[in-house]
Amino acid sequence: MTDKFCHEHAVPAVACAHLHPTPPQPTVDNPYPFLSPEFLTVMNDIGRHGWEKYGLASFHARRSASNRERDERTTTAENQKHAAEHFAEYAAFKVHDKFRTDQHQLGAVAFNAMMEYFFARLDMNE
């Protein structure tokens with residue numbers, strides 16, 4: 001009979017189920033249900049801007065070629081500095097210089113974190 005009562009919340013089990021909903025599961029239409037599609041679009045804009053600005057030295061080109069060699073733009077310190085600059089500008093209500101939105105400031109923060117993830121090889125099982 002204990003399965004009919006939620007002792008954690010002191011309510012009937014049927015009521016407790018509402019307090020512990022099943023988390024969303026990935027689908028074909030939404031493979032990342034815990035991420036914001038709008039934010040991923042903003043991050044993609046930042047990546048496209050990097051491609052336009054740096055071409056074959058861009059993150060996209062380097063990731064596509066599996067080139068994880070760091071340069072002066074991709075050191076941990078530079079990734080941290082660049083992300084921190086964008087976050088500080090966001091906090092100071094300054095819009096992104098290229099896109100003119102505060103969303104893109106935060107997208108740049110996340111993009112720099114993603115670059116560090118790649119160059120630090122954190123996506124590899126080593």
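The values are calculated or read from the model by the stated rules, or taken from the named source; none is laboratory data. All values derive from a computational prediction rather than experimental measurement. Every residue, glycine among them, receives a Cβ derived from its backbone with ideal geometry; neighbour counts consider all protein chains shown.
Condition (residue is in contact with a Gly (Cβ under 8 Å, 6 or more places away or on another chain) and on the phi < 0 side of the Ramachandran plot) applied to segment 17-34: is it met by at least one residue?
First, the residues of segment 17-34 that are in contact with a Gly (Cβ under 8 Å, 6 or more places away or on another chain): none.
Scanning segment 17-34, I find no residue that is in contact with a Gly (Cβ under 8 Å, 6 or more places away or on another chain) and on the phi < 0 side of the Ramachandran plot, so the answer is no.
Residue-wise test of (1) surrounded by 13 or more Cβ atoms within 10 Å (Cβ to Cβ); (2) at pLDDT 95 or above.
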{"site": "V14", "(1), (2)": "no, no"}
{"site": "E38", "(1), (2)": "no, yes"}
{"site": "I46", "(1), (2)": "yes, yes"}
{"site": "G55", "(1), (2)": "no, yes"}
